[in-house]
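Take a look at the structure below.
The values are calculated or read from the model by the stated rules, or taken from the named source; none is laboratory data. All values reported here derive from a predicted model rather than from experimental measurement. Note that we place each Cβ from the backbone using ideal geometry, even for glycine, and neighbour counts take in every protein chain shown.
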Amino acid sequence: MENDELTFLEEQLAGTELLACATCNEDTLHAHAEVLEVYPLATELQMQCTCCQTERTWLDWTPAKRQARQN
Ligand SMILES: [Zn+2]
């Protein structure tokens, strides 16, 4: 297995978020499934519940780029 593939899998595992799952009816860990849309201020992601595999969309408001602004 190539190192790039291992790194990708590790990043996928590290990229889980605690989100409300309608099926589990509680907050569960969701894994990043795919990127649906990239907006200027947010990224819309398809997230998959790690407990029941139900997928949901989620808006990640983490800035894609951090720009240090100085006067
Ligand atoms: Zn679930």
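Numbers for the structure displayed
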| quantity | calculated |
| --- | --- |
| Unique match (being surrounded by fewer than 13 Cβ atoms within 10 Å (Cβ to Cβ), of a type outside the set (A, V, I, L, M), at negative phi and at pLDDT 95 or above) among 26, 5, 34, 11 | 26 |
| Pick from segment 22-42, criterion assigned to a strand (DSSP E or B) and under 13 Å from residue 57 (Cβ atoms), ranking: nearest to the ligand (Cβ to nearest atom) | 30 |
